[in-house]
1. If you count only protein heavy atoms with a 1.4 Å probe, what accessible area per residue comes out for the chain, rounded to a whole Å²?
2. Enumerate the calculated ³J(HN,Hα) couplings along the range 6-20 in order (Karplus 6.51 cos²θ - 1.76 cosθ + 1.60, θ = phi - 60°), each rounded to whole Hz, writing x wherever the residue is Gly or Pro.
3. Which of 27, 44, 75 ends up with the largest GNM mean-square fluctuation for the chain, with Cα atoms connected below 10 Å?
4. Using just the helices of the chain, give the 222 nm mean residue ellipticity in deg cm²/dmol: DSSP H runs with n ≥ 4 each add -39,500 (n - 2.57), and the total is spread over all residues, rounded to 500.
5. How large is the Kirkwood hydrodynamic radius of the range 1-86, counting all unique pairs of alpha carbons, in Å?
6. Determine the share of the chain's accessible area contributed by carbon and sulfur atoms, expressed in whole percent, with a 1.4 angstrom probe.
7. Let me understand the range 55-124 better: what is its radius of gyration from the alpha carbons, and its Dmax, in angstrom?
8. Within the range 97-124, which residues have the backbone N less than 19 Å from the label spot 7 Å out from residue 59 along Cα→beta-carbon, could you tell me?
Amino acid sequence: MRLILNVIWLVLAGFWMAVGYAVAGLICCILIITIPWGIASFRIANYALWPFGREVVEKPGAGTGSLLGNVIWIIVAGLWLAIGHIVTGIALCITIIGIPLGVANFKLVKVSLVPLGKEIVDVP
């Protein structure tokens with residue numbers, strides 16, 4: 001079932017979402033100071049491609065740097081990305097077929113709001 005949902009997600013939303021996050025990651029990697037956000041954008045792009053069967057967890061050892069980076073991220077982009085995922089998730093949940101895709105959008109809220117200090121792991 002995960003494979004079917006991931007393929008549907010990839011075709012309908014995941015590919016374009018991943019491209020958007022990857023482009024943002026490339027832009028962030030232009031300056032040395034924004035490289036951590038670029039790497040986080042690449043992590044989100046990877047998760048946006050194939051979200052079913054994976055989850056976001058806290059990375060052990062993430063400290064004060066991640067906290068400060070996340071505060072800056074929330075102010076600059078995180079809040080708007082999270083709102084976008086919530087609105088899209090609600091819109092997808094209107095139809096029965098779109099409910100799993102809406103749930104995937106809700107899963108992306110957590111990592112798009114505070115991406116630093118997180119890692120993506122496979123669910124057994």
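1. On the way: 7140 Å² over 124 residues.
With all protein chains present, the chain gives 58 Å² per residue.
2. With the stated coefficients, the range 6-20 comes to 5, 5, 4, 4, 4, 6, 7, 9, x, 5, 5, 5, 5, 4, x Hz.
3. Judging by the Gaussian network model, the answer is 75.
4. On the way: 6 runs with 76 residues, N = 124.
After summing the helix terms and dividing by residue count, I get -19500 deg cm²/dmol.
5. Values: mean 1/r = 0.0716 Å⁻¹.
So the Kirkwood estimate lands at 14.0 Å.
6. Values: 5710 of 7140 Å².
Whole-percent figure for carbon plus sulfur exposure: 80.
7. 13.7, 42
8. Within reach of a label on residue 59: 108-123.
The values are calculated or read from the model by the stated rules, or taken from the named source; none is laboratory data. The structure presented is a predicted model; accordingly, all values stated were derived computationally and were not measured. Glycine gets a Cβ as well: all are built from the backbone with ideal geometry, and neighbour counts include every protein chain shown. Note: areas computed on protein heavy atoms with side chains; ligands, DNA, RNA excluded. Shrake-Rupley method; radii C 1.70, N 1.55, O 1.52, S 1.80 Å.
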